[in-house]
1. If amide hydrogens are placed 1.01 Å from N in the peptide plane, which non-local residues have theirs closer than 5 Å to the one on R96?
2. Work from the charge dipole of the chain (Cβ charges, +1 for Lys and Arg, -1 for Asp and Glu, about the Cα centre) and give the residue of T153, G55, Y124 farthest towards its positive end.
3. Give me the percent relative contact order of the chain, please, defined on Cα pairs under 8 angstrom at least 6 residues apart.
4. If neighbour count is taken as other Cβ atoms inside 10 Å, put C58, C48 in order from fewest to most.
5. Along segment 109-116, what does the Karplus equation 6.51 cos²θ - 1.76 cosθ + 1.60 (θ = phi - 60°) give for ³J(HN,Hα), rounded to whole Hz, x for Gly and Pro?
6. Using a simple spin-label model with points 7 Å from Cα along the Cα→Cβ vector, what separation in nm is obtained for S128 and A54?
Amino acid sequence: MNVEQFRVLIRPVAEAVAGRPVVAELGDQLDRRFPPDGGEFRAIESACHAAIAAGWMCAQGGAGRRFGRVIEPGPQTLGLSVDVVDLTDIVGPHHRHPNGEICMVMPVTPSARFDGKGAGWKVYPPGSAHRPTVTAGRALVLYLLPEGKIEFTPTA
């Protein structure tokens, strides 16, 4: 698995998201279209694990919080960036989503939750903000950002 193969793998998700309002209901639609026990979800999840093992995904950070932008926004992803984080029992840095955030939650520990959500999709609307939190173990979270926009809150 390399970045180009991953870009092809993620394309159907980008197509399902592009042009749609980034609202909570989009998460429900993605749960139906790409269910956690479905082939496409599992293929992306497996690809993330392989890419992390290969060292080109989640290459930044440290214990409990590894992260990295995998794909910059562009025509092949219909204007969406793709980032992946590997989080274990952590509250991450506060940030805002100017154009929204579409998250694919992939628990590594079966009981793990990302902002209260187990395996599946969680969507934050434009202008929302949060401190990404993983409880009860380890989870990978792939997130799509329209135009790649994210604003981290400065720390004092």
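1. Amide H neighbours of R96, under 5 Å, 5+ apart: E151, F152, T153.
2. Result: T153, furthest along the dipole toward the positive end.
3. On the way: 334 pairs, mean separation 39.2, N = 156.
Reported as a whole number, the value is 25 percent.
4. Ascending Cβ contact count within 10 Å gives the list C58, C48.
5. Here the 3J(HN,Hα) series is 7, x, 7, 4, 10, 10, 6, x Hz.
6. A separation of 3.1 nm, rounded to one decimal place.
No value in this document is a laboratory result; all are computed from the given coordinates. For clarity, every value in this text was computed on a predicted model and none was experimentally measured. No Cβ is skipped: glycine too gets one built from the backbone with ideal geometry, and neighbour counts run over all protein chains shown.
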